[in-house]
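Reviewing the structure listed below.
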Amino acid sequence: AVVAGTREAEMSTIATPLTDEASALSRDVVKCVRDRNGFALYFSRALIPHSKSGKFDAATPYLRHVGLYAFRHDFLTRTLSKLPPSALQAAEDLEQLQVLEAGHRIKVHLVDHAHPGVDTPEGL
């Protein structure tokens, strides 16, 4: 269970390595960065981590966020719906930023690959 083994997080998600430059630069592909323990630091539609050059670097370990979540029951039923609006969530249009901005932790588990997401009407 993705959340069951993680006592320090109320919520978990998955990410996969992102090595394709076009996808890494696409605003339709959500990227994430994690700390050394696998907890989310940030999610963005922008290229993150972002180098000083502002260019894609194949040596950088980019991660593609896969929009699949697991929640602790209490967090889902008692907390999530009561979180205040988030400026970061509004700026990036990413719901998980509301959770981070409110001070909650999200565990990001790595998977080798994921099926392509449907991120735009053209992807249907």
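For region 27-41, what are the residues that are of a type in the set (D, E, K, R) and surrounded by 18 or more Cβ atoms within 10 Å (Cβ to Cβ)?
Those that are of a type in the set (D, E, K, R) and surrounded by 18 or more Cβ atoms within 10 Å (Cβ to Cβ): K31, R34.
Select, from S44, S86, the only residue that is touching an Asp or Glu at 6+ places or on another chain (Cβ under 9 Å), farther than 17 Å from T16 by Cα and surrounded by 18 or more Cβ atoms within 10 Å (Cβ to Cβ).
From the options S44, S86, the qualifying one is S86.
Conditions tested, residue by residue: (1) in a helix (DSSP H, G or I); (2) under 12 Å from the mean Cα position of the chain (by Cα); (3) modelled with pLDDT of 95 or more.
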position: D28; (1), (2), (3): no, no, no
position: C32; (1), (2), (3): no, yes, yes
position: A59; (1), (2), (3): no, no, no
position: A70; (1), (2), (3): no, no, no
position: T79; (1), (2), (3): yes, no, no
position: P84; (1), (2), (3): no, no, no
position: A91; (1), (2), (3): yes, no, yes
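In this structure, does A24 turn out to be surrounded by 11 or more Cβ atoms within 10 Å (Cβ to Cβ), among the small types (G, A, S), at pLDDT 90 or above and part of a loop (DSSP other than H, G, I, E, B)?
The answer is no for A24.
Search region 14-39 for residues that are on the phi > 0 side of the Ramachandran plot and pair each with any residue that is open to solvent by 10 Å² or more (accessible area, probe 1.4 Å) when their beta-carbon atoms are under 8 Å apart and the residues are at least 6 apart or on different chains.
Close Cβ pairs satisfying both conditions: G38/K107; G38/H109; G38/L110.
The values are calculated or read from the model by the stated rules, or taken from the named source; none is laboratory data. Values in this document were obtained by computation on a predicted structure and should not be read as measured data. Using ideal geometry, Cβ is built from the backbone for each residue, glycine included, and neighbour counts are taken over all protein chains shown. Side chains included, ligands, DNA and RNA excluded: accessible areas come from the protein's heavy atoms. Shrake-Rupley method; radii C 1.70, N 1.55, O 1.52, S 1.80 Å.
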